[in-house]
Amino acid sequence: MKKIELHLHLDGSLNISYAEKILGTDVSSQMIATGCHNLSEYLEKFNLPIQLLQEKKKITEFSYLLGKDLEKDGVIYAEVRFCPLLHVEKISADEVISAVLEGFQKISTVKVNLILCMMRNFPQEKNKMIIDLVEKHLGQGVCAIDLAGDEANYHTSSFAPLFEEIRKKKIPFTIHAGEADSFSSVDAAISFGALRIGHGIRSIESSSTIQKLIDYGITLEVCPTSNLDTKVVSNILDYPIKKLMNLGVLITINTDNRTVSNTSLEQEYQLLRENFGFEEKDFLQFNLNAIDAAFLSSSEKEELKRQLLK
Ligand SMILES: [Zn+2]
């Protein structure tokens, strides 16, 4: 089945065999999140990947290998996200972005656009640098900006000034919200004008938040296994995906982190088939939702729909 993926992190999706080849040792316990208790612990699994992504050649190679993994998984379009300022120990942020694009451009069967992430723990000036980078590269392989990181300790509402600037500059954006923090984080993202929300599943805690998602046509980038890893939900049967969908919320399915959560889109679909009885028509709808919400022009969306339905 052909697939679209809107929410996956480059550093959380590194090819583990290549990482082990570089380091000459087993790194699975450092890169896979089995046994985590919360989002903060889950985020520790990014320390090694970030160290591995500091040189142009390795960044390009890991991006190329992620492109191969996406191809194997049936993905025809992906929006891959990362924070360029976490990879500038040896090269510039512009060089990081071009190294990532160079890797993905080697795969002709998967179209990839990049989303650059601001980080919740960064000082405002550093996040402003990310806004400048997105503005500079927008339309040249970069399609949008995001806010990522420790949601429980850095509340979404405190980022209002940054999103005001982003809106003024007409930069497309998505925001991680309603994952480690409650529906109020989703409300804050909606108040900034977000039309896409990363995770957002804790919207289920508030009927007024759900109503806003429906009224404004906001799309959720849902990542089931990742939410199990971070203990946002303790049991897949409690996962509110079907409830949200039946209420009329637009849902897309994503991996978040293919390596840290040790998954693929095919595995996510299987998990949802087994536990919620989703069928092929549902997955087709999730993929059509993803195309509608993608940071693409309407002609690119039409072309992608043709490809998906072929
Ligand atoms: Zn994420």
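The values are calculated or read from the model by the stated rules, or taken from the named source; none is laboratory data. The shown structure was predicted, so the numbers you read here are calculated from the model rather than taken from an experiment. No Cβ is skipped: glycine too gets one built from the backbone with ideal geometry, and neighbour counts run over all protein chains shown.
The numbered conditions (1) of a type outside the set (S, T, Y); (2) within 14 Å of the ligand (Cβ to nearest atom); (3) free of Cβ contacts under 8 Å to residues at least 40 places away in the same chain; (4) not in a helix (DSSP H, G or I) are all true for A189 except (4).
Looking across E55, E71, one residue alone is more than 26 Å from Q270 (Cβ to Cβ), of a type in the set (D, E) and either without any contact (Cβ under 8 Å) to a residue 60 or more places away in the chain or within 16 Å of the ligand (Cβ to nearest atom) (or both). It is E55. Answer yes or no: is there a residue in the range 176-191 that is in contact with a helix residue (DSSP H, G or I) (Cβ under 8 Å, 6 or more places away or on another chain), among the charged types (D, E, K, R), under 24 Å from N287 (Cβ atoms) and at pLDDT below 95. Checked the range 176-191: at least one residue is in contact with a helix residue (DSSP H, G or I) (Cβ under 8 Å, 6 or more places away or on another chain), among the charged types (D, E, K, R), under 24 Å from N287 (Cβ atoms) and at pLDDT below 95. Here's a check for you: in the range 1-32, which residue that is touching a residue at least 24 places away in the same chain (Cβ under 8 Å) and among the charged types (D, E, K, R) is farthest from the ligand (Cβ to nearest atom)? Once the filter is applied, the top-ranked residue is K2. Within the range 85-120, being crowded, with 18+ Cβ neighbours inside 10 Å, basic (K, R) and closer than 27 Å to V75 by Cα holds for one residue alone: K111. Condition check for K281 on (1) part of a helix (DSSP H, G or I); (2) crowded, with 21+ Cβ neighbours inside 10 Å: one failure, at (2).
If I filter the range 193-206 for residues that are over 29 Å from V75 (Cβ atoms) and β-branched (V, I, T), do I get at least one hit? Among the residues of the range 193-206, not one is over 29 Å from V75 (Cβ atoms) and β-branched (V, I, T), which makes the answer no.
Listed by position, the helices (runs of 4 or more DSSP H) enclosed by the range 207-275 that each have at least 2 residues that are within 16 Å of the ligand (Cβ to nearest atom) are 224-229. Would you mention how many residues in the range 139-171 are in a loop (DSSP other than H, G, I, E, B), in contact with a helix residue (DSSP H, G or I) (Cβ under 9 Å, 6 or more places away or on another chain) and away from the ligand (no atom under 13 Å from the Cβ)? Going through the range 139-171 one residue at a time, the tally reaches 7. E179 meets each of the listed conditions (1) more than 16 Å from the ligand (Cβ to nearest atom); (2) within 23 Å of L116 (Cβ to Cβ); (3) assigned to a loop (DSSP other than H, G, I, E, B) apart from (1).
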